[in-house]
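Chemist: This structure is in structure tokens; I'll ask about it shortly.
The values are calculated or read from the model by the stated rules, or taken from the named source; none is laboratory data. Keep in mind it's a predicted model, so treat the numbers as computed, not measured. Heads up, the Cβs are rebuilt from the backbone with ideal geometry, glycines too, and the neighbour counts pull from every protein chain shown. What goes into the accessible areas is simple: the full protein's heavy atoms, side chains included, and nothing from ligands, DNA or RNA. Shrake-Rupley method; radii C 1.70, N 1.55, O 1.52, S 1.80 Å.
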Amino acid sequence: MTVRRRWSPAGLALAAPTAFFVIGPLGFLMWMGLAQERADFLERARDLDLLMVVGQVALLATLTTVWACALGVPLAWLTVRTDLPARRLLHWLAPLPLAIPPYIGALVYQILLAPGGMAPRFLGTGSLPVSLYSVAGAAWILGLFTYPYPYLLVSGALERTNPALEEAARGAGLSPRHVLTRVTLPLLRPSLLAGALIVFLYGWADFGVVSLLRVRTLTTIIYEYVQGTLDWALPAALSVFLTVITILVLLLQLRVLGRARYTQIVGSAKPAPRIALGAWRWLAFAYAWGVLTLTLLLPLGVLGYQVSRLPASDMGAFVLTQWPYFVNSLWTAVAGASLALVIALGIGWLEGRGLSRSVSGLFQVGYAIPGTVLGLGLAGFLHATLPWIYATPLALIVAYLILYITPACQAVKAALAQLHPSIEEAARSLGRGPLAAFRAVTLPLIKPGLVAGWLLVFVLSMRELAATLIVRPPGFDTLPVRIWIHAMDVGPEPRAAALALVLVLTIALPWLVLLSRRLRGISPSV
Amino acid sequence: MELLTLEDVTKRYAPAQPPAVDGLTLTVAQGEILALLGPSGCGKTTTLRLIAGFEAPDSGRVVMRGETMAGPGSWIPPERRGIGIVFQDYALFPHLTVAENVGFGLQHLGRSGRPPRARQILELVGLETFASRYPHELSGGQQQRVALARALAPAPALILLDEPFSNLDADLRAQMREEVERILRNTGTTGIFVTHDQEEAFTLADRVGVLNEGRLEQLDAPETIYHHPATLFVAEFVGAADFLPGLVTPYGIVTELGVFADTEARRLGKKVKVMLRPDDVTFVPSSVGDGTIVRRDFRGSENLYCIRLPSGQRVHSSQASATLYPNGTRVRAEAHVIHVVTFPA
Amino acid sequence: MKRTAILLLGLGLGLSAALPAWASASEVIVYSARKEELIRPALDAFQKATGIKVTLLSAKAGDLARRIEMEKSDPKGDVFLGTTAGIAELLRRKGLLAPYFSAAAQEVPEEFRAPDGGWVALTGRVRVLIYNRTLAAERDLPRSYFDLTDPKWKGKVAVASMGERTTVSWLAALMALRGEEATRRYVKGLRDNGLKVLNNNTEVRKAVTRGEYAIGITNHYYYLLQLQEDPHGPVGILYPDQGPDGIGTPVFSITAGIIKGAKHPDAARGLVDFLLGAQGNRLLVQGEFEIPLIAGIPVPGEDKGVKGLGQFKKARVTQVQLADLEPRVEKLFGPFLIP
């Protein structure tokens, strides 16, 4: 169909609630923040060293990005383009650390590296020379557990790169090393940038890791004021401040990605030849397994060991008492993922017809808001406007939707982009109406992409912590909340580890499904 | 009997741009095969999409069997127009078998009525043994046939083919062209196809419409299009042509290659261009000839010579494959024009 | 769009059918700032004795108070359990707590009760110093909070962040007894001396025991929790400012208040009665390692050096005085009390 109108009634029907739920919480915070006197705010900003804190967050996000790329990009190249031993297994395992939420990674490394932890005890010292409780420590953790983002995007791009381009470069007299630096890497730039920016935004908005590792960031400051005081104005004002900077970062991201996208290379007849590593093979092998050890094997081992420290019967009884929380997590995440997918499908369908332009753009804002800020704004906003949702599990689902519709949209759009419009037109010409054609042809064809999108939102919702802490109703804790409460009340001890293990395994299971189907090409998002 | 009429149809994609289809008027008769020919961007695919109902005209009407499909205040969506379409990329449904693809448009027949009809159509295109295959298991020609069968299955009155042979190898293309024509004629289906290949248009179509910048330059039988192009654009686009300057005199049109009869009774003293096809021009080698061979293109079944005349004007002449003259040969060129076609200079 | 709408509707209906009924009659919803495991035995006993289901929302006091304030037109919680009197008193002044004079509350010393019955203290906690016995020799130990600015302790003292209300109450106590100016100077002195702010008191007790810091400013029961976890850990407890010119050691309290407009007022009163009664209060005291405010209940950890009310010099400051000063503390020192 042609673009006859910019907005259809259906488009508006989708856009209006979207705007309502995304802009509402921010509007609420802005309104609350207005109560904050300017002079007072400036004084507190000075006392809080706010500029230093912003610099520190930027440093943290940058270090995280560099570290995640340093882990993920060489690994992607090694598994896709070289004769690395066991590269298939590695390629399959490499994205799995995404199943471990970074705050659980922080718990694990606290158990391992914190003063009095396993490693210092093993070495017979009180503490290690480098402290985990620092910006570097937080970046270390965040990078370890976000490297799959650049890995997935870069390995996907490497698989799609047209080998003819590299052959042309060889033909032009470039050595293999120069082909890598002057052709292959520049071609990867868009995916690399996309992956790097996902990680950057993650580091920028993180709450769990920095809080556990006592790094002062805007999110932890907001959290402290939310937790410790009755004050609305200051945390609201700080939230608005944080949101504004985040949206600026997001706009920068859109700008950079928008400009870089045209270089994306798609479609190649044959896979590119693998590069023989020769003597470097085993060094590369050690590197790859080193990455996986730090990000997957070690964390699982530590959690498993912690669990084994308690008698099995005690642990069993404990896990059973936590069963309702598991169910809470499960069904809200399932509902969130399903709703997100339905809405994303609606958006994809309408946007494919030019009927609703900026709905997904709006959600992008929701996706960039740190969970702490969203939670604070959403709680107040829902209470003011939709009291029947406030303090019910629906509030959690709304939070998941606001935060994670963007990845669902990306999955749907990626799937739709692979379909030529003529497929649907063929169905139309054979007597099916628009919806019938969508159901008979488009839906079955994009199903793999939809499954991937659903799993992505499910996984992200399962592990959401910051917003859930603030909007959960009484008696309705989720697994991440329980882990948090245990970790904060008692520390990173066996029972927190047991819950963390349950969560990781629950998340890993769908991930395994996702990966075993080898559904790639969807940018997994924060 | 006319099946389809476009009345002054205009379509613009963006207000700032020139229209993709500009005041198009044409009529297609029942059982006719019509080719829409033109360079890329001429609006031929848009015309097809307007007929199919994938685009709505900004003004004008699309009428089929007297019923307005699209026009001021009326709109029939594509699924209710009963028009079959063969897409350039075939657009076969990859998740359905060949039989299911062909049966896709046969919902009205019900679960039991579909397979016999699908089988019948598959026999027509010679693919009855491939019924349970999936599209990706077929060759390009087979996919094309499935696409045709799928479009024909609901027995549409009109079938639209968008560059139907452009994805096929040269020899397969000729074969499929014949086959498509046979099937359309046998089923009595009216067909409109879009192409940029004049040979394809000429061999397959009863009439050819030449489009340029959204406007219909000429709509005629292939022979008329070739020999009596209505416009300079048609003359240039269809087949090779040289244009020889001439002057209208009482004795005819005087040119460097002689005098041509002025069949169109032009005003005396008017400067014109006479169209010369390469097969209109012959030459004999002659030491006193004032033409020079400057280039020879070997075309397999013929040689195409380029001859420079004293004025610097070049004309082309097609000669038998075996006649070989080196470049620089002095020749005397002659033109034997049966249909003199001139354009204002 | 119709299909999507139907799908949405179906999902919505499915969800609402799946929601548990959270307003059953025999339920009491507790907004608790207290560590869940420590109060669990007492709450379980209540549930068992009365058949009333206790639903907990465990969060930090500020978060809970903000919820109570927001929900005042339609309260979702019934009972508020605070870790100090401060937030409860703030809520009371905003008219968010319903007065309740439990008969059992008469046993509690008057300074641990709101005058209008808006809140009542259940148990007490003493703001002590804990120290690492291998890092700090007995004779070197500070005698007063004010000794902690001594360069001797540079970088060796840890305290929990503002998220722990007891930190705020502690500074409020100092401000009440020594005035704002002196407290400002004192906090600046601590900061200059490298005071380390950790996430919470649990981190403080662990870090001190591990030897990361020599001294922790925390509540007395963390000393007992540490010994429970690690009976031979090198951790000691001391009551500062006990000398004749010392201000004494402040005592804070777990406070319970009934939220105004609570959906289950009877169950809420029943719970408060139970927690102040002999059985409930004993369980609470034992579970939390707190000191009893009611006569006749034994002090947990007496054998390990923990002192009950009246066995040490208590700072002369009432819970209401503390509550008065806490907002000022937040404003002045909040930015420094964040990790």
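Chemist: Can you list the residues, at least 5 places off or on another chain, whose amide H is less than 5 Å from the amide H of B:THR329, using H built in the peptide plane?
Modeler: Here B:ILE293 satisfy the definition.
Chemist: Looking at the calculated P(r) for region A:116-166, what percent of the C-alpha pair distances fall above 14 Å?
Modeler: Result for the distance tail: 69 percent.
Chemist: Restricting things to alpha carbons, tell me how big region A:312-520 is in terms of Rg and Dmax, in Å.
Modeler: Values for region A:312-520 (Cα only, Rg and Dmax): 19.5, 66 Å.
Chemist: Follow-up question, since we're still on this one. For B:HIS136, B:HIS336, A:HIS91, B:HIS227, give the ranking by accessible area with the largest first, probe 1.4 Å.
Modeler: B:HIS136, B:HIS336, B:HIS227, A:HIS91
Chemist: Over all pairs of distinct alpha carbons, what does the Kirkwood formula give as the hydrodynamic radius of region C:149-295, in Å?
Modeler: Result for region C:149-295 stands at 17.5 Å.
Chemist: What is the helix-to-structure angle for C:319-333, meaning the angle in degrees between its Cα long axis and the longest Cα principal axis of chain C, kept from 0 to 90 and rounded to the nearest 10?
Modeler: 80 degrees
Chemist: Work out the mean other chain Cβ neighbour count within 10 Å for the residues of C:59-71 and drop it here as an integer.
Modeler: 6
Chemist: Which whole-number value in Å² is the accessible area per residue of region A:312-520, probe 1.4 Å?
Modeler: 28 Å²
Chemist: In nm, give the distance between the simple-model label positions of A:TRP331 and A:GLU167, each being 7 Å from the Cα along the Cα-to-Cβ direction.
Modeler: That separation, rounded to one decimal, is 5.8 nm.
Chemist: Enter the mean number of other protein chain beta carbons within 10 Å of the beta carbon of each residue in A:432-441, as an integer.
Modeler: That works out to 3 on average.
Chemist: In 20 Å bins starting at 0, how do the alpha-carbon pair distances of chain A split up by percent?
Modeler: In order of increasing distance, the bins hold 21, 55, 23, 1 percent.
Chemist: Working from Cα positions, state the angle (0 to 90°, nearest 10) between the long axis of helix C:265-276 and the longest principal axis of chain C.
Modeler: Its long axis makes an angle of about 30 degrees.
Chemist: Could I ask something else about it? Given the -39500 (n - 2.57) contribution per DSSP H run of 4+ residues, what per-residue ellipticity at 222 nm results for chain A, rounded to the nearest 500 deg cm²/dmol?
Modeler: Estimated from H runs of four or more residues: -23500 deg cm²/dmol.
Chemist: A further question follows. Before rounding to the nearest 500, sum -39500 (n - 2.57) across all DSSP H runs of length at least 4 in chain C and divide by the residue total; then give [θ] at 222 nm in deg cm²/dmol.
Modeler: -12500 deg cm²/dmol
Chemist: What number comes out for the charge environment of B:THR27, summing +1 per Lys or Arg and -1 per Asp or Glu over other residues with Cβ under 11 Å away?
Modeler: Its environment carries a net charge of -2.
Chemist: Rank these by accessible area, largest first, 1.4 Å probe: C:LYS35, C:LYS154.
Modeler: Largest accessible area first, the list is C:LYS154, C:LYS35.
Chemist: Let a ≥ b ≥ c be the square roots of the eigenvalues of the Cα gyration tensor of region B:31-188; is it rounded (a/c under 1.5), or, if not, prolate (a/b larger than b/c) or oblate? Mind showing how you got there, number by number?
Modeler: Numbers: a/c = 1.93, a/b = 1.33, b/c = 1.46.
Note, shape of region B:31-188 comes out oblate.
Chemist: Using the Karplus curve 6.51 cos²θ - 1.76 cosθ + 1.60 with θ = phi - 60°, work out ³J(HN,Hα) for each residue of region B:107-123 in order, rounded to whole Hz, and write x for Gly and Pro.
Modeler: For region B:107-123, the Karplus curve yields 4, 5, 7, x, 5, 8, x, 5, x, x, 5, 4, 4, 4, 5, 5, 5 Hz.
Chemist: Can you compute the FRET efficiency between C:ARG178 and A:ARG255 using 1/(1 + (r/R0)^6), with r the Cβ-Cβ distance and R0 = 56 Å? Round to the nearest 0.05.
Modeler: 0.50
Chemist: Evaluate E = 1/(1 + (r/R0)^6) for B:VAL259 and B:SER166, where r is the Cβ-Cβ distance and R0 equals 45 Å; express this FRET efficiency to the nearest 0.05.
Modeler: After rounding to 0.05, the efficiency reads 0.55.
Chemist: Which residue fluctuates the most in chain C, going by a Gaussian network model with Cα springs under 10 Å, if the choices are C:ASP147, C:ASP245, C:ASP273?
Modeler: With Cα springs under 10 Å in chain C, the top fluctuation among C:ASP147, C:ASP245, C:ASP273 is at C:ASP245.
Chemist: Rg(Cα) of region B:219-345 divided by 2.2 N^0.38 Å?
Modeler: Relative to the rule-of-thumb radius for its length, region B:219-345 sits at 1.07.
Chemist: I've got another one for you. Given the options A:TYR305, A:PRO448, C:PRO250, identify the residue whose Cα lies farthest towards the positive end of the charge dipole of the protein assembly as shown (+1 on Cβ of Lys, Arg; -1 on Cβ of Asp, Glu).
Modeler: Final value for the positive-end residue is C:PRO250.
Chemist: Using a/c under 1.5 as the rounded threshold, could you call region B:147-221 rounded, prolate or oblate? The axes a ≥ b ≥ c are square roots of the C-alpha gyration tensor eigenvalues, and prolate needs a/b larger than b/c, oblate otherwise.
Modeler: oblate
Chemist: Would you tally the net charge around A:HIS178, using a Cβ to Cβ cut-off of less than 12 Å, leaving A:HIS178 out, and scoring K and R as +1, D and E as -1?
Modeler: +2
Chemist: Quote the total accessible area buried by chains A and B together, excluding ligands, DNA and RNA, probe 1.4 Å, nearest 100 Å².
Modeler: What A and B bury together is about 1900 Å².
Chemist: Still on this structure, please answer the following. Fully extended, how many nm does the chain gain between A:LEU128 and A:LEU180 (0.36 nm per residue separation, minus their Cα-Cα distance)?
Modeler: 14.8 nm
Chemist: Counting Lys and Arg as +1 and Asp and Glu as -1, what is the net charge of the other residues whose Cβ lies under 15 Å from the Cβ of C:SER73?
Modeler: My count for the surroundings of C:SER73 gives +4.
Chemist: How big is the shadow of the Cα convex hull of the protein assembly as shown, averaged over all directions, in nm²? Mind dumping the intermediate values first?
Modeler: On the way: hull surface 242.3 nm².
Averaged projected hull area, Cα only: 60.6 nm².
Chemist: Could you work out the mean count of beta carbons from other protein chains within 10 Å of each residue's beta carbon in A:466-479?
Modeler: Working: counts 0, 0, 0, 3, 4, 0, 2, 7, 16, 10, 5, 5, 0, 0.
Mean number of neighbouring Cβ atoms from other chains: 4.
Chemist: Another question, if that's okay. Kindly report, to the nearest 10 Å², the accessible surface of A:PHE241 as traced by a 1.4 Å probe over protein heavy atoms only.
Modeler: 70 Å²
Chemist: Given R₀ = 22 Å, FRET efficiency for A:ASP314-A:MET118 by Cβ-Cβ distance, to 0.05?
Modeler: E between A:ASP314 and A:MET118, to the nearest 0.05, is 0.55.
Chemist: Shifting gears a bit: Please report, in whole Å³, the volume per residue of the convex hull around the C-alpha atoms of chain C.
Modeler: Dividing the Cα hull volume of chain C by its residue count gives 163 Å³.
Chemist: Using the Cα centre of region B:53-137 as the reference point, and only Cβ charges (+1 on K/R, -1 on D/E), how large is the resulting charge dipole? Debye, rounded to the nearest 20.
Modeler: That gives a dipole near 360 debye.
Chemist: Between C:ALA42, C:ALA104, C:ALA267, which gets the highest mean-square fluctuation from a Gaussian network model of chain C, Cα cutoff 10 Å?
Modeler: The residue that fluctuates most here is C:ALA104.
Chemist: Per the helix-only calculation at 222 nm, which mean residue ellipticity applies to chain B, given -39500 (n - 2.57) for every DSSP H run of n ≥ 4 and division by its residues, nearest 500 deg cm²/dmol?
Modeler: Rounded to the nearest 500, it is -7000 deg cm²/dmol.
Chemist: Ok, one more. Round to the nearest 10 and report in Å² the accessible area of A:ILE104, as given by a 1.4 Å probe over the protein chains' heavy atoms.
Modeler: That residue has around 0 Å² of solvent-accessible surface.
Chemist: Just in region B:185-271: which GluC sites (Glu not before Pro) are loop by DSSP and have at most 15 other Cβ atoms within 10 Å?
Modeler: Values: sites: B:GLU199, B:GLU200, B:GLU213, B:GLU217, B:GLU223, B:GLU236, B:GLU256, B:GLU264; in loops: B:GLU213, B:GLU256, B:GLU264.
Answer in residue order: B:GLU264.
Chemist: Using a 1.4 Å probe on the protein heavy atoms only, what accessible surface does A:ARG182 show? Give it in Å² to the nearest 10.
Modeler: Near enough 150 Å² of accessible area.
Chemist: Please list, by residue number, every one of the chymotrypsin sites (Phe, Trp or Tyr not before Pro) in region A:371-416 that is coil in DSSP and has at most 14 other beta-carbon atoms within 10 Å.
Modeler: Hits after loop and neighbour filter: A:TRP388.
Chemist: Loop-only chymotrypsin sites (Phe, Trp or Tyr not before Pro) in region A:275-374, please: DSSP not H, G, I, E or B, and at most 11 other Cβ atoms within 10 Å.
Modeler: none
Chemist: While we're looking at this one, here's another question. Using the crude model of +1 on Lys and Arg Cβ and -1 on Asp and Glu Cβ, and no other charge, please compute the dipole size for the protein assembly as shown relative to its Cα centre, in debye to 20.
Modeler: Dipole size: approximately 1320 debye.
Chemist: What is the packing order of peptides C:94-100, C:303-309, A:166-172, A:455-461, taking the mean over residues of other C-beta atoms within 10 Å and listing the highest first?
Modeler: Averaged packing, sorted descending, gives the order A:455-461, C:94-100, C:303-309, A:166-172.
Chemist: Write down the Kirkwood hydrodynamic radius of region A:124-250, to one decimal in angstroms, obtained as one divided by the mean of 1/r over all alpha carbon pairs. Don't jump to the answer; show the numbers that get you there.
Modeler: On the way: mean 1/r = 0.0558 Å⁻¹.
About 17.9 Å for region A:124-250.
Chemist: Can you put C:ASP150, C:ASP192 in order of accessible area, largest first, using a 1.4 Å probe?
Modeler: C:ASP192, C:ASP150
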